[in-house]
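Comments concern the structure below.
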Amino acid sequence: MRVLRETRFAGLAPAARGKVRDIYDLGDKLLIVATDRLSAFDVILPTPIPDKGRVLTQLSLFWFTLWKDVIPNHVSSAIEFPAPFDKFKDDLAGRSMVVQKTQPLPIECVVRGYVSGSGWKDYRTTGRICGIRLPAGLRESDRLPEPIFTPATKAPTGHDENISFEYATSLLGKELAEKVRAVSLELYLRAAAYAEPRGVILAVTKFEFGLLNNQLIWIDEALTPDSSRFWPAAQYSPGGPQASFDKQFVRDYLERMQWPKTPPGPELPPEVVEATRAKYREAYRILAGRELD
Ligand SMILES: Nc1ncnc2c1ncn2[C@@H]1O[C@H](COP(=O)(O)OP(=O)(O)OP(=O)(O)O)[C@@H](O)[C@H]1O
Ligand SMILES: [Mg+2]
């Protein structure tokens, strides 16, 4: 399997490059290619992580299929790629999907079962997350009494901003806002219940949805280490930040070398790459229940 930091197909320019994925416009469809790029502290590092792109894509496909009864998803094919992309199967296989192009909703549908990240910051200063009042005395990384829907704006650059459900309603309309909240909470509850006996806490995750012919579709990536905070349950210890399942070796290394967390990011040594690769593969093995082949 090839390691791929950036797709470069002669004469074909991606419509967009995210931090991790390269996206090609196919007219009524999109080709989404998960590369092996890794970002830490919001900076894309120069060193790719072998297998990372395949883990993201295969894990997304796993969840999309598992819960197709809850909501239809955007996947059209992850095996066949239309011309001229069929010529690049060595680069695309396993890491790419052709998806229905939808009209993406203008919010990120975040669900939190635990207080962490921007949720912890908001809670500490206001006692609330996205306007939802929470019990007093929660510690960082504590479990919430029940999962909450905490939408965020999609900022084209920089950081997404947490918004209230009322504000989400003003963007989407009441009916659609209530529907995406219900679907997001349902998917979170199912995924958290699925992960728990496997020794993994799903602390926070982000879903995206789009509309196609007035139908709500689950788009983007699904319950991957990049869109979620997964914590190993065995080391769970509230009262501070938790070790992230996937990027901990990278973060630890970057902290040790006292990199200022501004671009450019440093190259990663082989042992950090290998340990991180193993973590991504482990996440896939635990959650999908089989080895990444
Ligand atoms: N089926 C779809 N229809 C339309 N747009 C989609 C679909 N699936 C994903 N998208 C959009 O494609 C984009 C994926 O980009 P990607 O996540 O790689 O980069 P980004 O969100 O710009 O940046 P980041 O790296 O911070 O995530 C998102 O804007 C997402 O909403
Ligand atoms: Mg994104």
Any residue in the stretch 74-88 that is of a type in the set (Ser, Thr, Tyr) and touching a Phe, Trp or Tyr at 6+ places or on another chain (Cβ under 8 Å)? no
Taking helices (runs of 4 or more DSSP H) that fall entirely within the stretch 38-151, which contain at least 2 residues that are within 18 Å of Leu223 (Cβ to Cβ)? 52-66
Which one of the conditions (1) within 14 Å of Tyr280 (Cα to Cα); (2) surrounded by 21 or more Cβ atoms within 10 Å (Cβ to Cβ); (3) over 14 Å from the mean Cα position of the chain (by Cα) does Asp22 fail to meet, given that it meets all the rest? (1)
Please identify the pairs in which a residue from the stretch 85-104 that is on the phi > 0 side of the Ramachandran plot has its Cβ atom under 6 Å from the Cβ atom of a residue that is away from ligand 2 (no atom under 16 Å from the Cβ), counting only partners at least 6 apart or on another chain. Gly94/Arg54
Pair list, Cβ < 6 Å and 6+ apart or interchain, from the stretch 193-205 residues that are under 17 Å from Val110 (Cα atoms) to residues that are among the hydrophobic types (A, V, I, L, M, F, W, C) and open to solvent by 30 Å² or more (accessible area, probe 1.4 Å): Ile201/Ala233
Within the stretch 240-273, count every residue that is over 30 Å from Trp67 (Cβ atoms) and open to solvent by 90 Å² or more (accessible area, probe 1.4 Å). 10
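Yes or no, residue by residue, for (1) free of Cβ contacts under 8 Å to residues at least 40 places away in the same chain; (2) out of contact with any His (no Cβ under 9 Å at 6 or more places or on another chain); (3) not acidic (Asp, Glu):
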site	(1), (2), (3)
Ile217	no, no, yes
Arg229	no, yes, yes
Ser244	yes, yes, yes
Thr262	no, yes, yes
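Would you point out the residue of the stretch 205-227, among those that are part of a loop (DSSP other than H, G, I, E, B) and within 11 Å of ligand 1 (Cβ to nearest atom), that is nearest to the chain's Cα centre (by Cα)?
It comes out as Ser227.
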For the stretch 224-242: of the residues being within 14 Å of ligand 2 (Cβ to nearest atom) and not small (Gly, Ala, Ser), which is nearest to Glu186 (Cα to Cα)? Thr224
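The values are calculated or read from the model by the stated rules, or taken from the named source; none is laboratory data. Remember, predicted model here, so these are calculated numbers, not experimental data. Cβ: placed from backbone, ideal geometry, glycine included. Neighbour counts: every protein chain shown. We work out accessible area using only protein heavy atoms, side chains counted, and drop any ligands, DNA or RNA first. Shrake-Rupley method; radii C 1.70, N 1.55, O 1.52, S 1.80 Å.
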